[in-house]
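The values are calculated or read from the model by the stated rules, or taken from the named source; none is laboratory data. The model shown is predicted, which means the values in this text are computed figures rather than measured ones. In this analysis, Cβ positions are derived from the backbone assuming ideal geometry, glycine residues included, and neighbour counts consider all displayed protein chains. Surface accessibility is based on the protein's heavy atoms, side chains included, excluding ligands, DNA and RNA. Shrake-Rupley method; radii C 1.70, N 1.55, O 1.52, S 1.80 Å.
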Amino acid sequence: MSVIGIVAEYNPFHSGHEFLLNQARLVAENDPIIVIMSGNYVQRGQMAIMDKWQRVKAALNSGADLVFELPFSFAVQPADIFANGSIRMLSNLGVSELFFGVEDANLNFSYLGQKINQIPKNRMDFRDYTQTYATQYNEMVAREVGHEVNQPNMMLAVAYAVASEQLETPLHLHPVTRLGSGHDDPLLQDKTISSATAIRNYCLHHPNDLTELKKYLPKGELAALEKQKVYPNWNLLFNFLKYRIESASLEELRSIYQMSEGLEYKMKEEIHTAEDFTSFLRQIKSKRYTYARLRRLCLYTLLNVTEKEIQTSYQDVSTLLLGYNSRGRNYLKKIRKDVELPIISKVDKKNAASGTLGLQVRVDRLFEQIMGEDQNFGRRPIEVK
C-alpha cells in the first residue's frame, strides 16, 4: 500500500489544490490520500478566510480520504517547525509518499534535504541583525548546496525534505509543478488557477459579489464563500490587538511566544499612533524580521499564547480527525491500534484540558466570536460517502 500525504492550508480551497489532489490520485489509485491541514489559523499569522470544516468538506469532495488538523502550535510557525510537525504526523499515520506543489519540480529535493541536514548547527546560528533569519538561511543553503531557495513554495518544499530526511524511514517526495498564478500574486489573473492570496483579496474587496471567483473554485466552493457573513482578516482584529498591547504590562508581553530582543517595547511604543494593522506592521518592521514573523507575533500576542504554553503543547501532541470517506475510514480502522499519535474524533472537556488540543480549543474561541459558530465542541468529523 502506498499511502500518500499532503500538507495543506486550503485558504481557501481552489482549483490548484484540486489539481494536486488529482495528481496524487493517479499515483495512489485505490490507496488512501491523507491531508494534514492547518485549522482556523495559518502559517503566516492570519485567521483562515473560511472555517476548517468548510475547507475539509472541499478537500474530501475533491479526492482526499482522511483530513486531520495540524495543531496551532505547529500551524502558526516558520517553515521549519511547520514542516517538521506536519511530516512527523504524516509519517506516524503510515504515509510513505508526499505530494506538494512547487515552482520547480525538477530539483532533487531528497538530495537537498540530505545536504542541509549535514550542515553543522553552528553555521545556522545567524548573528547578522541587518538581515532577516530567512535571508541568512537561504544564503547559507545557496553556499552549501549550490542552489538558491527563495520562492515561497520552494522554501516550504525544502523544509519538508529536511524534515523527511530526519525520519527513520524518509518519505518518497513527489514535487508537482504549480500551474497558473504565482503563490503571492495579489490580483486575479486570466488563468484557470489563481493564487489563494488573490482570491482572499477579492473576497475582502468585493464581499457582495463573488461571481468573478467562479472559474477559480471547484463546484460548491463559491456557494460556501457567498454564504459567509464575514471574511476574517487583520482589519477586523486590529482594535482587539491594540487593546491587548495597551492593557498588558511589559512583563506580560515578554512572556508571549517569540517575543524577543525587546519587541515588547517597540510594540508598546508604536501601537498608539498606528492607524491600522498594515501601518502598525510597518512601524515595528526592521531588517531583522520578516512581515510573516511579525504577523505571527501579533497573533500570539492577540491570543495570549505564551512560550510556556507552546512548549507544554509539544509534550502532549494529538490530532483532531476532521473528515473522512469510506476508504479513509477503512484505512483508519486498520492502523488505529498501531498509531502512537493520539487521534481524537470528538472534543470534550477532558481532552480539551491540556496539550495541543487544549491550546487549539482556546485560540479557536476568538475565531468563533468572529464567525458566530462553534468550532470544536459538538462537532463530529465530516463524512463523505
Quiz item: Which one of 286, 91, 110 has the biggest mean-square fluctuation once the chain is modelled by GNM with Cα springs under 10 Å?
Solution: 286
Quiz item: Which net charge results for the neighbourhood of residue 76, defined as the other residues with beta-carbon distances under 10 angstrom from its beta-carbon, given Lys and Arg at +1 and Asp and Glu at -1?
Solution: +3
Quiz item: Can you run phi through the Karplus equation (6.51, -1.76, 1.60; θ = phi - 60°) for the range 35-52 and list ³J(HN,Hα) in whole Hz, with x for Gly and Pro?
Solution: 10, 9, 10, 4, x, 8, 10, 10, 4, 8, x, 9, 6, 5, 6, 10, 6, 4
Quiz item: Karplus couplings for the range 334-347 from phi (6.51 cos²θ - 1.76 cosθ + 1.60, θ = phi - 60°), rounded to Hz, Gly and Pro as x?
Solution: 5, 9, 4, 6, 9, 7, 6, 6, x, 9, 10, 10, 8, 7
Quiz item: What accessible area per residue comes out for the range 87-197, rounded to a whole number of Å², with a 1.4 Å probe?
Solution: 50 Å²
Practice problem: Could you order 261, 252, 69 so the one with the most accessible surface comes first? Probe is 1.4 Å. | Solution: 261, 252, 69
Quiz item: Which of the aspartates and glutamates could be linked to residue 334 by a straight reach, that is with a Cα gap under 15 Å, when you skip same-chain ones fewer than 8 residues away?
Solution: 31, 65
Self-check item: Estimated 222 nm signal from helices in the chain, with DSSP H stretches of n ≥ 4 weighted -39500 (n - 2.57), rounded to 500
Solution: -14000 deg cm²/dmol
Self-check item: Proximal lysines to residue 333, defined as alpha-carbon separation beneath 20 angstrom and excluding residues fewer than eight positions away on the same chain
Solution: 346, 385
Quiz prompt | Amide hydrogen neighbours beyond the local backbone of residue 384, cut-off 5 Å, H modeled | solution = 324, 325
Exercise. Would you calculate the separation in nanometres between label points at residue 338 and residue 148, each defined as 7 Å from the Cα along the Cα-to-beta-carbon direction?
Key: 4.6 nm
Quiz item: Can you list residues whose amide H is under 5 Å from residue 94's amide H, if they're 5+ apart or on another chain and H is modeled 1.01 Å from N?
Solution: none
Quiz item: Between residue 252 and residue 353, what is the label-to-label distance in nm when each label sits 7 Å out along the Cα-to-Cβ direction?
Solution: 2.7 nm
Quiz item: How high is the FRET efficiency from residue 307 to residue 106, r the C-beta distance, R0 51 Å, rounded to 0.05?
Solution: 0.80
Quiz item: By average Cβ neighbour count within 10 Å, what is the ranking of 55-65, 334-344 from highest down?
Solution: 55-65, 334-344
Practice problem: Mind checking which lysines have their Cα closer than 21 Å to the Cα of residue 227? Skip sequence neighbours fewer than 8 apart in that chain. | Solution: 52, 57, 214, 215, 219
Exercise. May I ask you to give the percent of accessible area on the range 274-354 that is carbon plus sulfur, with a probe radius of 1.4 Å?
Key: 47 percent
Quiz prompt | the chain: most fluctuating residue of 328, 101, 220 per GNM, C-alpha cutoff 10 Å | solution = 220
Quiz item: Taking the structure as given and computing Rg/Rh (Cα atoms, Kirkwood Rh), which label from [x] 1.02; [y] 0.94; [z] 1.08 fits?
Solution: [y]
Quiz item: Applying the Karplus parametrisation 6.51 cos²θ - 1.76 cosθ + 1.60 with θ = phi - 60° to the phi angles of the range 139-150, what ³J(HN,Hα) value in whole Hz is obtained for each residue in order, glycine and proline being reported as x?
Solution: 5, 5, 4, 4, 5, 7, 10, x, 8, 6, 10, 9
Quiz item: How big is the gap, in Å, between the Cα center of the range 314-385 and the Cα center of the range 157-215?
Solution: 25 Å
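Accessible area per residue of the range 244-385 at 1.4 Å probe, in Å²?
Dividing the accessible area of the range 244-385 by its residue count gives 52 Å².
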